[in-house]
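Visitor: Pasting a structure here, questions to come.
The values are calculated or read from the model by the stated rules, or taken from the named source; none is laboratory data. Because the structure is predicted, anything quoted here is derived from the model rather than measured. Heads up, the Cβs are rebuilt from the backbone with ideal geometry, glycines too, and the neighbour counts pull from every protein chain shown.
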Amino acid sequence: MKQDEPTIYESVLQKGYSRRTFLKMCAALAATIGLDFSQSGKVAHALETKKRVPVIWLQMQDCTGCSESFIRSSYPKVESVIFNMISLEYMEVLSAAAGFQTEEAEQNVLKKYAGEYILIVEGSVPKEAGYLTIGGRSGGDLLREAAEHAKAVLAFGTCSSWGGIAKAKPNPTGAQPISAVLKGIPIIRVPGCPPIAEVMTGVIAHIVTFDQLPETDMLGRPKAFFRHRIHDKCNRRAYFDAGLFAESFDDPNLKAGYCLFKLGCKGPTTYNSCAEMRWNGGVSYPIQSGNPCIGCSEADFWDNGPFYTHYSKIPLTQTTINPETWGAAAVGAAALGVGAHAGITAAVKHHKEKQQDKGDQNE
Ligand code: FSX
Ligand code: SF4
Ligand code: F3S
């Protein structure tokens, strides 16, 4: 990288942002990567001294949902991430060039930034010949080549992490996760179909700030974002614990906040940050909007039973509640439920106000 290239801080100033905005951005970043406010100075120091990190984003068998989610990240705002922390050197979706020009651009970038770039991969890799040929070369070949001199390899999305939708039965292309092709190379998995934008930017921010990979669980997922099940932080959890379940999609209790377990919710077996970070800048997430979690960040989620059929038993919880018998019991508990409900409504309202405050601060 050229010596005279500006630091991340300098490039922020060059774009007309003030130091005050820069420090706000550092505080937001610190929160995103799981640090407390007092540590935002650490982030500021790193961004004052470090230069932008080149990123190469490859697409294999995917629906472009991961790219779409990423370029809509709002916290930290994508313009600060893309233009100030990283230099997105190659990404087909945002590329003005096409065809051979694009292939050539990729080759130039691979050479120019060898050993320095972060490789992000979206989509699964087909095992069967004849699928995903780009510029006359197989997707697997291109992936191996790009991974060889990468500083870090990030699998963004359920497809590159686990195989995803293309791997669903009968898996005609022989779709497999990128780990099947990149044996022996450490890969950070950021699953989700697609992943939450702020989780993706948070992982990049961690690498840029600390110059090291984030701590992961045994499946290679960053602990900061995948340590909890949706069920652990769900806004309907109090209703689950009280045994209050929505019985159908047109059940008025669904709107009132009742648990979606009986409608097939996979929150009890799904690890992701949706319930904590929510989507679209913290606005909502599937369960809050009335749809059961379909477990989109888990391996083989497409084949793990029908989305709207619930497990016969409640898995991995300490509870002794049987959702089948609770429908009737819940009627008797209705009077008791009113008090609990009021408390929860107040809590939800308080949370919404907090979210609103957060939003105002980000303006
Ligand atoms: Fe799509 Fe990405 Fe799902 Fe897969 O996301 S949102 S099919 S994870 O590879 O584009
Ligand atoms: Fe939330 Fe689903 Fe768990 Fe019910 S089963 S509390 S809706 S995650
Ligand atoms: Fe996916 Fe469930 Fe979140 S379906 S988006 S992991 S709430």
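Visitor: Quickly run through the range 294-313 and pick out the residues that are at pLDDT 95 or above, part of a loop (DSSP other than H, G, I, E, B), surrounded by 19 or more Cβ atoms within 10 Å (Cβ to Cβ) and more than 7 Å from ligand 3 (Cβ to nearest atom).
Guide: Selection gives Glu298 alone.
Visitor: Of everything in the range 244-263 that's near ligand 2 (Cβ under 9 Å from one of its atoms) and not in a helix (DSSP H, G or I), which residue is farthest from Thr309 (Cα to Cα)?
Guide: Result: Tyr258.
Visitor: While we're on this one: Do you know which of the residues in the range 152-189 that are at pLDDT 95 or above and charged (D, E, K, R) is nearest to ligand 2 (Cβ to nearest atom)?
Guide: Ranking the qualifying residues of the range 152-189, first place goes to Arg189.
Visitor: Name the single residue, out of those in the range 273-293 being modelled with pLDDT of 95 or more and more than 11 Å from ligand 2 (Cβ to nearest atom), that is farthest from Gly65 (Cα to Cα). Can you show your working first?
Guide: Here is the first cut: in the range 273-293, the residues modelled with pLDDT of 95 or more are 273-275, 284-293.
Still in the running and more than 11 Å from ligand 2 (Cβ to nearest atom): 273, 284, 289.
Working: Ser273: 18, Ser284: 18, Ser289: 20 Å.
Selected residue: Ser289.
Visitor: Filter the range 266-297 down to residues that are closer than 16 Å to Lys233 by Cβ, touching a strand residue (DSSP E or B) at 6+ places or on another chain (Cβ under 7 Å) and not hydroxyl-bearing (Ser, Thr, Tyr), then give me how many there are.
Guide: Residues in the range 266-297 being closer than 16 Å to Lys233 by Cβ, touching a strand residue (DSSP E or B) at 6+ places or on another chain (Cβ under 7 Å) and not hydroxyl-bearing (Ser, Thr, Tyr): 3 in total.
Visitor: Could you please give the count of residues in the range 225-280 that are within 25 Å of Cys193 (Cβ to Cβ) and not β-branched (Val, Ile, Thr)?
Guide: Residues flagged as within 25 Å of Cys193 (Cβ to Cβ) and not β-branched (Val, Ile, Thr) within the range 225-280 amount to 36.
Visitor: Checking the structure you have, find out if any residue of the range 196-214 is modelled with pLDDT under 95, under 25 Å from Trp302 (Cα atoms) and of a type in the set (Val, Ile, Thr).
Guide: Checking the range 196-214: at least one residue is modelled with pLDDT under 95, under 25 Å from Trp302 (Cα atoms) and of a type in the set (Val, Ile, Thr).
Visitor: Right, something else. Of everything in the range 141-151, what is of a type in the set (Gly, Ala, Ser) and crowded, with 20+ Cβ neighbours inside 10 Å? Give them in sequence order.
Guide: Correct list: Ala146, Ala150.
Visitor: A further question follows. Give the residue, chosen from Asp241, Asp232, that is part of a helix (DSSP H, G or I), out of contact with any helix residue (DSSP H, G or I) (no Cβ under 6 Å at 6 or more places or on another chain), within 16 Å of ligand 3 (Cβ to nearest atom) and farther than 16 Å from Ser161 by Cβ.
Guide: Answer to the check: Asp232.
Visitor: Could you check, for the range 177-186, whether at least one of its residues is farther than 26 Å from Val53 by Cα and not acidic (Asp, Glu)?
Guide: For the range 177-186, residues farther than 26 Å from Val53 by Cα and not acidic (Asp, Glu): present.
Visitor: Restricting to helices (runs of 4 or more DSSP H) lying wholly in the range 114-215: which have 3 or more residues that are among the β-branched types (Val, Ile, Thr)?
Guide: 197-210
Visitor: Given (1) out of contact with any Ser or Thr (no Cβ under 7 Å at 6 or more places or on another chain); (2) free of Cβ contacts under 8 Å to residues at least 24 places away in the same chain, identify the lone condition not met by Lys262.
Guide: (2)
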